[in-house]
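Presented below is the structure to which this report refers.
The values are calculated or read from the model by the stated rules, or taken from the named source; none is laboratory data. Everything quoted here is computed from the prediction, not taken from an experiment. Using ideal geometry, Cβ is built from the backbone for each residue, glycine included, and neighbour counts are taken over all protein chains shown. These accessible areas exclude ligands, DNA and RNA; they are computed on the full protein's heavy atoms, side chains included. Shrake-Rupley method; radii C 1.70, N 1.55, O 1.52, S 1.80 Å.
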Amino acid sequence: MQPDAALRWRMALWARPASRCCCCWLKAACAAELQRLRSSSKAVQACQGAAPLVLLASRHSFLPWGLQTYRRVSVENCSKPASAEDGSSSSPESNLLLPVKQEQAKPETIPDLNTEILCEDWDDVPPSSALEEISEEEAVQILADPLLPLQSSTLRDYVDHSETLTKLVQLGVDLSQVEKRQKAGQLLLTLDFEKDIKKILLFLKDVGVEDSQLGLFLTKNPYILGEDLEALETRVAYLKSKKFGNAEIAQMVSRAPYLLLFSVERLDNRLGFFKNELGLSVKKTKDLVIRLPRLLTGKLEPVKENLQVCQIEFGFQRNEIQQIAYKTPKILTASRKRLRQTFDYLHNIMGIPHHMLTRFPQVFNSKLLRIKERHMFLIFLGRAQYDPAKPSYISLDQLVSLPDEVFCTEIAKASIQDFEKFLKTI
């Protein structure tokens, strides 16, 4: 190893732990010097700029390896001094340049000292502080989502923050009614419209729920949005296996929104219950639940109690109960108090026998006040005759189903004004 090279190597090792401030200054100086040296149009200025670097290295002895390299290259690119050509002696300061002149025959490759190499042993520049001041223009460009309410008793406070709730409102869902249902509001806030709700909406449309009815349907049954799609499809497949048509399933689902929340086993048990309790055939059982699908979703206790009332208190036979229930399914879920009052007036006051009530069971669905008013008006006119074997027979269906104008003109043979005047007297 050349003595001068060894000296430079030791100087580089000694200068490595220099302070960060000095390193940063040197990096800038090196970069500027390299740019100046690589410019061919400024070779003379580069040679003149190398001399201070040489003196700095000789006097302070802490320049890093990179600056030593620049010093050698700078001197090599310069024209030879006059003292070297004529063999004259040099000053002590000029002796420091002698090793550089001896190495002119072996030029060295200049390394590409970019920022990454110079800073490979230095710490990274720390990131910007959160407390750093920014301009007004930058502050305006910062977008921040509004905070959700930590607690609220209504879904209205979340509509502006939730895409799911916004789209449900656009569908026609009444959130004021949904939030009254237990945990329904919490369920909607946890669902994603695209991921969770969209597939359920498409399923309901495939089942047959009209677009205009989706909002009302979800208002009554928001829980279906949290159901597993495969489970819903399995329940529809079960209904089809029981010979329910597509139109019939659509009608049942629309009129009983909770129907598809029931498992296949529960639906099967409900169908079996009505078939066995009423003694109906499979076809009649299917027709029964099509006309009143909520029989499959409601509680069975009121149904059992009404059947007992009809049999024990009213005195209907089993086959009569079967006919009444099949023709008028609502009687199975009606209020027992209203049933008792209606039966008492029809049978005990008007004198309608059981077989006539079995023939026209729809009379149990009529308001008792309507029955009383028309019966008393017919008594006033002397036309209250409900026996089909006698003249001027009036059926129970005509008594309760016709509008007031038609009832007065065709059944009572009177004007509507006479009927209204009579109602004021009772």
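Assorted remarks:
- The requirement of being open to solvent by 30 Å² or more (accessible area, probe 1.4 Å), among the aliphatic types (A, V, I, L, M), in a helix (DSSP H, G or I) and out of contact with any Cys (no Cβ under 8 Å at 6 or more places or on another chain) is satisfied by LEU202.
- Residue that is modelled with the lowest pLDDT, among those in region 150-175 that are exposed (fewer than 12 other Cβ atoms within 10 Å of the Cβ) and farther than 14 Å from ILE197 by Cβ: LEU150
- Lone unmet requirement of (1) assigned to a helix (DSSP H, G or I); (2) open to solvent by less than 20 Å² (accessible area, probe 1.4 Å); (3) under 17 Å from PRO293 (Cα atoms) for ARG235: (2)
- Residue match in region 305-316 (condition: exposed (fewer than 14 other Cβ atoms within 10 Å of the Cβ) and over 30 Å from TYR386 (Cβ atoms)): no
- Exclusive hit being surrounded by fewer than 19 Cβ atoms within 10 Å (Cβ to Cβ) and closer than 23 Å to VAL173 by Cα, set GLY226, GLY279: GLY226
- The listed residue being outside any helix (DSSP H, G or I) and open to solvent by less than 60 Å² (accessible area, probe 1.4 Å), out of PHE217, PHE244: PHE244
- Condition met for LEU259 (in contact with a Lys or Arg (Cβ under 9 Å, 6 or more places away or on another chain), of a type outside the set (Val, Ile, Thr) and within 30 Å of PRO222 (Cβ to Cβ)): yes
- The residues listed here are GLY382, GLY351; of these, the one that is on the phi > 0 side of the Ramachandran plot and without any contact (Cβ under 8 Å) to a residue 12 or more places away in the chain is GLY382.
- Region 401-426 residues that are over 14 Å from ILE379 (Cα atoms), paired with ones that are exposed (fewer than 11 other Cβ atoms within 10 Å of the Cβ) (beta carbon under 9 Å, 6 or more apart): LEU402/GLU410
For every residue, the table says whether it meets (1) outside any loop (DSSP other than H, G, I, E, B); (2) within 14 Å of MET350 (Cα to Cα); (3) open to solvent by less than 70 Å² (accessible area, probe 1.4 Å).
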residue: GLU373; (1), (2), (3): yes, yes, yes
residue: LEU378; (1), (2), (3): yes, yes, yes
residue: ARG383; (1), (2), (3): no, yes, no
residue: TYR386; (1), (2), (3): no, yes, yes
residue: ALA389; (1), (2), (3): no, no, no
residue: LEU399; (1), (2), (3): yes, yes, yes
residue: ASP418; (1), (2), (3): yes, no, no
residue: LYS421; (1), (2), (3): yes, no, no
residue: THR425; (1), (2), (3): no, no, no
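- Screening PRO146 on (1) touching a helix residue (DSSP H, G or I) at 6+ places or on another chain (Cβ under 8 Å); (2) within 20 Å of LEU225 (Cβ to Cβ); (3) modelled with pLDDT under 90 shows it passes everything except condition (2).
- Hits in region 356-371 (condition: open to solvent by less than 10 Å² (accessible area, probe 1.4 Å) and under 49 Å from the mean Cα position of the chain (by Cα)): PRO361, VAL363, PHE364
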